[in-house]
1. How large is the charge dipole for the stretch 119-204, taken about the Cα centre, if only the Cβ atoms of Lys, Arg (+1) and Asp, Glu (-1) carry charge, to the nearest 20 debye?
2. Under a 1.4 Å probe, what is the accessible area of the stretch 59-166 per residue, stated in Å²?
3. Using a Förster distance of 22 angstrom, determine the FRET efficiency expected from the C-beta separation of His167 and Lys270, and round it to 0.05.
4. Using only Cα atoms and rounding to the nearest 10 degrees, what angle (0 to 90) does helix 3-17 make with the longest principal axis of the chain?
5. Between His145 and Glu254, what's the calculated FRET efficiency when r is the beta-carbon distance and R0 is 45 Å? Round to 0.05.
6. Find, to one decimal place in angstroms, the Kirkwood hydrodynamic radius of the stretch 139-181, where the mean of 1/r is taken over every pair of different Cα atoms and then inverted.
7. For the chain, with all protein chains present and a 1.4 Å probe, just round the carbon and sulfur fraction of the accessible area to a whole percent.
8. Take the Cα coordinates of the stretch 116-161, assign each an equal point scatterer, and use the Debye formula without solvent to give log10 I(q)/I(0) at q = 0.17, 0.20 Å⁻¹.
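The values are calculated or read from the model by the stated rules, or taken from the named source; none is laboratory data. These numbers come from a predicted model, not from an experiment. Glycine also receives a Cβ, built like all others from the backbone with ideal geometry; neighbour counts cover every protein chain displayed. In case anyone asks, the SASA skips ligands and DNA or RNA and just uses the protein heavy atoms, side chains included. Shrake-Rupley method; radii C 1.70, N 1.55, O 1.52, S 1.80 Å.
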Amino acid sequence: MSKNETDIIFILVLKRHQFMVKDPYLILLIILFPQVISDFDMTLTRFAHNGMRVPTTHNILDNRLLINEDCTKKELLNTYYPIEIDAGRSTEEKLPLMVEWWTKVHELLIDQRIRKDMLARAVKESSAMLREGYKVFFDHLAEHHIPLLIFSAGVGDVLEEVIRQNHVFHPNINIISNYMDFDHTGVLQAFKGQLIHTFNKRQGALSHAAHLRQVQDRPNVLLLGDSLGDLTMADGVTDTHNILTIGFLNDQVEERKESYINSFDIVLVKDETMDIPNAIVKYVT
Ligand code: C5P
Ligand code: MG
C-alpha cells in the first residue's frame, strides 16, 4: 500500500471514531524507534461484550476450579472498584485503599491454595476477550519488531494464559505484573516481588522497565491505558522523546470525561475495538 493510501485510511479511521487529539503532530513524532506500552485489563481486553462485563484477570480466578463458594473476593470488588474509578476522590486518597484491596485479595487467593495446573482451564472456561482487532495489533507489532511492554496490576500468570490461548504471545512481548509463586507441589504460596496496583505503576516502571534493554532503546512511546494510573507506565524509559497516550474510557463516562481529556492525548469512549491503535501503529511503521 502506498503512503498516500495509508494516509487516507488513517484519516478515515480517525474521523469515524470522532475523538479529540490534543497534538496531532505527536502521531508523526513517534514514527522513529517506537515502542508500545500497554495496560492489560480493560485496555487490551474488552470492558463489555453483548451488555455483559468481560472478566479481568482477577475475575477469571473466580471459578470453582480455583476458589470456594464462600470466598469473599467478589465482595471486595464491590467495595473497592467504585473507589478505584471514583472521579470525586484524588489519587492520594485512593492509594492506601488500593493497597488494602490488593493485599486482601492476594491473601484470600493464597488461603484458597490456588493450583497452577488449573489456571489454563479456568482461562478456557472464562469469557475473557481481547478487544476486536487484537490480532492485527499483536501480529503487526511482532512482524515489525516493535517491542510491546504489557504492564498490568492484574495477575501475570493469568494474563500470559489469555494471550497464549489467543495465539498472540509473540517474542516482542515483555510483561510486568503480579506473578504467583507456587510451592514444589504447584500450590500458590505467595506473590512475587513488589505489589503492583492501579496507582503505583510508576514505581513498578522504575524498578522493572529500567532493566529492559528493548524498552530503553526506544524513545518514542505509544501508551495505552484505561486508568489515569496507567499514564505513569512509561516512567521507566529513561530517555523518552515523545509519548502519545490513548485512554479507553469505559465506565463512569460523564463523570470522568473531563479528567481523561485533560490527561490523555486521545480519549476513546466506550470503544471496544483496537481500530485507533491499529491505525496509528500501521501509520508509523
Ligand atoms: O491490567 P490492569 O492494570 O488494568 O489490572 C488491574 C485491574 O484489575 C483494575 O482496573 C481493577 O479494576 C481490576 N481488579 C479486579 N479485581 C481485583 C483487583 C483488581 O478486577 N481483585
Ligand atoms: Mg486496566
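1. 200 debye
2. 49 Å²
3. 0.20
4. Computed tilt is about 50 degrees.
5. Between His145 and Glu254 the formula returns 0.65.
6. Kirkwood hydrodynamic radius for the stretch 139-181: 10.8 Å.
7. Result for the chain: 53 percent of the exposed heavy-atom area is carbon or sulfur.
8. -0.65, -0.84
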